[in-house]
1. Return yes when Val64 is at negative phi, in contact with a His (Cβ under 7 Å, 6 or more places away or on another chain) and outside any loop (DSSP other than H, G, I, E, B) and no when it is not.
2. Given the conditions (1) within 12 Å of the ligand (Cβ to nearest atom); (2) in a helix (DSSP H, G or I); (3) out of contact with any Ser or Thr (no Cβ under 6 Å at 6 or more places or on another chain); (4) open to solvent by less than 50 Å² (accessible area, probe 1.4 Å), report the number of the one that Thr8 does not fulfil.
3. Taking segment 49-89, which residues are more than 8 Å from the ligand (Cβ to nearest atom), open to solvent by less than 20 Å² (accessible area, probe 1.4 Å) and without any contact (Cβ under 8 Å) to a residue 40 or more places away in the chain?
4. State whether the residues of segment 30-38 include one that is within 14 Å of the ligand (Cβ to nearest atom), touching a strand residue (DSSP E or B) at 6+ places or on another chain (Cβ under 8 Å) and at pLDDT 95 or above.
5. Give just the number: which of (1) of a type outside the set (A, V, I, L, M); (2) more than 18 Å from Ile10 (Cα to Cα); (3) modelled with pLDDT of 95 or more does Phe139 not satisfy?
6. Which condition does Phe139 not pass, out of (1) touching a Phe, Trp or Tyr at 6+ places or on another chain (Cβ under 8 Å); (2) aromatic (Phe, Trp, Tyr); (3) open to solvent by 50 Å² or more (accessible area, probe 1.4 Å), if it passes all the others?
7. Could you list, in sequence order, the residues of segment 102-125 that are open to solvent by 40 Å² or more (accessible area, probe 1.4 Å), assigned to a loop (DSSP other than H, G, I, E, B) and more than 9 Å from the ligand (Cβ to nearest atom)?
8. I'd like the full set of residues that are assigned to a helix (DSSP H, G or I) and either in contact with a Gly (Cβ under 9 Å, 6 or more places away or on another chain) or surrounded by fewer than 20 Cβ atoms within 10 Å (Cβ to Cβ) (or both), limited to segment 126-136.
Amino acid sequence: MTDKTTLTIIKPQAVRNLHSGKIIDMILSAGYIIKAIKMVTLSHDLASKFYEIHKDRPFYENLVKSMTSGPVIVALLEKDNAVQDYREFIGSTNPAEAVTGTIRNLFGTSMQDNAVHGSDSDENAAREASFFFSEMERF
Ligand code: CMP
């Protein structure tokens, strides 16, 4: 893994509201290459593990509940400076504060249901990539 890769998750609320196609189109149009993609449904254990760095935060249980409420689409994205650029591209964590036209502004409905996740560092991108994808899938 290099600084060319980030991991995104289209969250259950956005999948449920049929926004996945529009979100994937925006990602591709912005120049990200999809290296791997799949739809999965997270168990409580897996979602808890994925977000374990937030386990002491007050929103943790609700976040896990939301992330297990239906299928998600997970993708590995490639582009120069992927982590930083993608975070800027999707907008602030709080959709109400996200720049107009960003994915979270357009499709997020709350802090926890903010349409998409994006890795927050190269180190976490690598951890998250191996969490969701086998070595063969990450090629
Ligand atoms: P995500 O990029 O998936 O990474 C961690 C998630 O925690 C974040 O998006 C939000 O959905 C959620 N989150 C962060 N801060 C808060 C908060 N103050 N209240 C509710 N949810 C939050």
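The values are calculated or read from the model by the stated rules, or taken from the named source; none is laboratory data. Owing to the predicted nature of the structure, the values given are computational and were not obtained by experimental measurement. Note that we place each Cβ from the backbone using ideal geometry, even for glycine, and neighbour counts take in every protein chain shown. SASA here: full protein model, heavy atoms, side chains in, ligands and nucleic acids out. Shrake-Rupley method; radii C 1.70, N 1.55, O 1.52, S 1.80 Å.
1. yes
2. For Thr8, the failing item is (2).
3. Once the filter is applied, which keeps residues that are more than 8 Å from the ligand (Cβ to nearest atom), open to solvent by less than 20 Å² (accessible area, probe 1.4 Å) and without any contact (Cβ under 8 Å) to a residue 40 or more places away in the chain, segment 49-89 yields only Val64.
4. No: segment 30-38 contains no residue that is within 14 Å of the ligand (Cβ to nearest atom), touching a strand residue (DSSP E or B) at 6+ places or on another chain (Cβ under 8 Å) and at pLDDT 95 or above.
5. Here Phe139 clears every test but (3).
6. Phe139 satisfies all of (1) touching a Phe, Trp or Tyr at 6+ places or on another chain (Cβ under 8 Å); (2) aromatic (Phe, Trp, Tyr); (3) open to solvent by 50 Å² or more (accessible area, probe 1.4 Å) except (1).
7. Thr109
8. Within segment 126-136, Ala126, Arg127, Ser130, Phe131, Glu135, Met136 qualify.
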